[in-house]
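Peer 1: Take a look at this one; I'll ask things after.
FYI, it's all coordinate maths here, none of it is from the lab. Keep in mind that this is a model prediction, so the values were computed, not measured. With ideal geometry, Cβ positions are generated from the backbone for all residues, glycine too; neighbour counts draw on all protein chains shown.
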Amino acid sequence: MAARIGIAKDSVARIWADHGLKPWKVDTFKISNDPRFEEKLVDVVGVYLHPPARAVVFSFDEKTQCQALDRTQPSLPMKRGRAQTMTHDYKRHGTIDLFAAMNIGTGEVLTKLRKGHAGADVLRFFKQIDRNVPRGLGVHVVLDNLSAHTAPEVTKWLAHKDRRRWHLHFTPTSSSWLNVVERWFKELTDKRLRRGVFTSLEDLKQAITAWAEHWNTDPKPFVWKATAEDIIAKVQRGRTTLHQIKTQTDH
């Protein structure tokens, strides 16, 4: 830009700084096109902010394709003046799917490792949740719109009279940020998986299980604070801006 305009590069940098511009950065976004966006949003946020009485609320999702990655050379430990180092390339030893459901009241997380995430796998995990909630309490589960979550075997199981205490709350499409357990997945990734070295799939399974057990010794819930009204207003501003841009560019 400096060469094109005919000024010093320091001047360009100063102008950018004065206006708070960072053209080298690109942030991503996605506004849901779900026709029932507001309805689902109000439902999910309502459950977070005003949990039903005599019920346990879970935020549930799968972290699919967790990879057992082994570095091609041993990592060098951190020492004075040098960060830990590891090779950029790696060897793959397989993948596993992690099912997790966070109790939004206590922060405790139920987990299960599976080889896949089909309807049968979802049903097994739902049964695990059911066993962990005392009789007499309702079960409310926030989850996304993955087809396996409404597979025939799952729907049939939920329709039984013994599951009248179960209630599913679906997030809008393209709205994973509404699912609190996603924040826990980020903790797991940042603090255990990203810098981990796993020489086998069993090694990865043990690491995930141990980390989850450690979390549950002192669980910390992620407290939801944003209201549905504030989120809807923000989304409407985003849609207005997108419409203006499309109108101007004729896209």
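Peer 1: Quote to one decimal, in nm, the extra length available between Gln244 and Ala13 on full extension: 0.36 nm per residue of separation minus the C-alpha distance between them.
Peer 2: 80.2 nm
Peer 1: How high is the relative contact order of the chain, given as a whole-number percent (alpha carbon pairs under 8 Å, six or more residues apart)?
Peer 2: 25 percent
Peer 1: Treating cross-link reach as a plain straight distance, find the lysines whose alpha-carbon is under 17 Å from the alpha-carbon of Lys30, omitting any fewer than eight places away in the same chain.
Peer 2: Lys40, Lys234, Lys246
Peer 1: Now for a different question. By its C-alpha gyration tensor, with a ≥ b ≥ c as the square roots of the eigenvalues, how is the chain shaped: rounded for a/c under 1.5, else prolate for a/b larger than b/c, else oblate?
Peer 2: oblate
Peer 1: Next question, about the same structure. Highest mean first, how do 129-142, 178-191, 224-237 rank when packing is the count of other Cβ atoms within 10 Å averaged over residues?
Peer 2: Peptide ranking by packing, descending: 178-191, 129-142, 224-237.
Peer 1: Over 24 Å between Cα atoms, which of Lys156/Lys186; Lys91/Lys205; Lys115/Lys186 qualify?
Peer 2: From the list (Lys156/Lys186; Lys91/Lys205; Lys115/Lys186), the Cα-Cα distance tops 24 Å for Lys156/Lys186.
Peer 1: Between Arg54 and Trp224, what is the spin-label point distance in nm, taking each point 7 Å from the Cα along the Cα→C-beta axis?
Peer 2: 2.3 nm
Peer 1: Between Lys115 and Leu137, what is 0.36 nm times their sequence separation minus the Cα-Cα distance? Round to one decimal in nm. Kindly include the intermediate steps, with their values, before the conclusion.
Peer 2: On the way: separation 22, 0.36 × 22 = 7.92 nm, distance 3.08 nm.
Additional length available on full extension: 4.8 nm.
Peer 1: Show which aspartates and glutamates lie in cross-link reach of Lys127 when reach means a straight Cα distance below 19 angstrom and same-chain residues fewer than eight apart are skipped.
Peer 2: Candidates past the 8-residue exclusion: Asp61, Glu62, Asp97, Glu108, Asp144, Glu153, Asp162.
Peer 1: Order these by the 10 Å Cβ neighbour count, fewest first: His93, His19, His169. Walk me through the numbers before you get to the answer.
Peer 2: Details: His93 16, His19 8, His169 20.
Final ranking by Cβ density, sparse to dense: His19, His93, His169.
Peer 1: Further, regarding this structure: Please work out the FRET efficiency for the pair Glu39 and Glu187, using the Cβ-Cβ distance as r and a Förster radius of 41 Å; give the result to the nearest 0.05.
Peer 2: Between Glu39 and Glu187 the formula returns 0.85.
Peer 1: Right, next: Please compute the length gained on full extension between Gln67 and Glu202, using 0.36 nm multiplied by the number of residues separating them and subtracting their Cα-Cα distance.
Peer 2: 47.5 nm
Peer 1: Order of Thr28, Thr111 from fewest to most other C-beta atoms within 10 Å?
Peer 2: Thr28, Thr111
Peer 1: For the range 1-50, just say rounded, prolate or oblate: build the C-alpha gyration tensor, square-root its eigenvalues into a ≥ b ≥ c, call rounded for a/c under 1.5, and beyond that prolate if a/b exceeds b/c, oblate if not. Mind dumping the intermediate values first?
Peer 2: Numbers: a/c = 6.76, a/b = 3.42, b/c = 1.98.
It is prolate, given that a/c is not under 1.5 and a/b is the larger ratio.
Peer 1: Further question on the same structure: For the range 1-148, with the dipole built from +1 on Lys and Arg beta-carbon atoms and -1 on Asp and Glu ones, taken about the Cα centre, which of Gly46, Thr85, Val141 lies farthest toward the positive end?
Peer 2: Thr85
Peer 1: For the chain, modelled as a GNM with alpha-carbon contacts under 10 angstrom, which of Asp18, Asp27, Asp162 fluctuates the most?
Peer 2: Asp18
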